[in-house]
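This report concerns only the one structure given below.
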Amino acid sequence: MAKMTDATYPQCRIVPARFLNPETVEKLLNRLLEVGGIRKLVLNGQRIPPTVPYGPARGQPNPHPMRRVIRVGDQDVELQVQVGTILLELEDRAPIDGIRKACDEVFTKFPYSLSEGKFMKTQATVSDYAKYGPGADERILGTTDPKSRGGPLIIQGTK
């Protein structure tokens, strides 16, 4: 149960009409960095394994064209999912118009929806506790991928 003094942050969900290719994800994420005011950003989609998980090529490298390294801000990020939904937690409601403008600029060939609501957990989950322990950074709560061997990537904004 949340205390009266706990901050609640607005959340948004961007749902494009199709899966995004790495170039589009890179362009959108860089535009969102320019907008600023984002506390958390989660890329959701179907996981792209680094090796073939089954069949005669099991264990061989998976040459999937959507599993690539993109440049976000001044960091390289390896896309491990085929992005279908982007979840955002914001400092306040001020950047929502900028986020909508960034989406309008990037998604010119297909529609998208931008909705406000509650889409991410705001308290530690069992997976968070198991992976990071009781003193986990609050910025990563609710964003844990239990199958991932690495931790979250923290990118500092330009604003």
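The values are calculated or read from the model by the stated rules, or taken from the named source; none is laboratory data. Please read all numbers here as calculations on a predicted model, not as lab measurements. When we count neighbours, we look across all protein chains shown, and the Cβ atoms used for this are built from the backbone with ideal geometry, even at glycine. Just so you know, the surface numbers come from the protein's heavy atoms only, side chains and all, with ligands and any DNA or RNA stripped out. Shrake-Rupley method; radii C 1.70, N 1.55, O 1.52, S 1.80 Å.
Quick one: would you say Glu78 is closer than 25 Å to Thr8 by Cβ, among the charged types (D, E, K, R) and under 18 Å from the mean Cα position of the chain (by Cα)?
Numbers: closer than 25 Å to Thr8 by Cβ: no; among the charged types (D, E, K, R): yes; under 18 Å from the mean Cα position of the chain (by Cα): yes.
Here the answer is no, as Glu78 does not meet what is asked.
Ile38 satisfies every condition listed in (1) buried (at least 18 other Cβ atoms within 10 Å of the Cβ); (2) free of Cβ contacts under 8 Å to residues at least 40 places away in the same chain; (3) of a type outside the set (Gly, Ala, Ser) except (2).
A count restricted to segment 113-152 and to residues that are assigned to a loop (DSSP other than H, G, I, E, B), of a type outside the set (Ser, Thr, Tyr) and either modelled with pLDDT of 70 or more or open to solvent by less than 90 Å² (accessible area, probe 1.4 Å) (or both) stands at 17. Only a single criterion out of (1) in contact (Cβ under 8 Å) with a residue 40 or more places away in the chain; (2) within 21 Å of Leu32 (Cα to Cα); (3) assigned to a loop (DSSP other than H, G, I, E, B) is not satisfied by Lys109, namely (1). The sole residue among Arg58, Arg68, Arg100 that is open to solvent by 50 Å² or more (accessible area, probe 1.4 Å) and either closer than 28 Å to Thr125 by Cβ or in contact (Cβ under 8 Å) with a residue 24 or more places away in the chain (or both) is Arg68.
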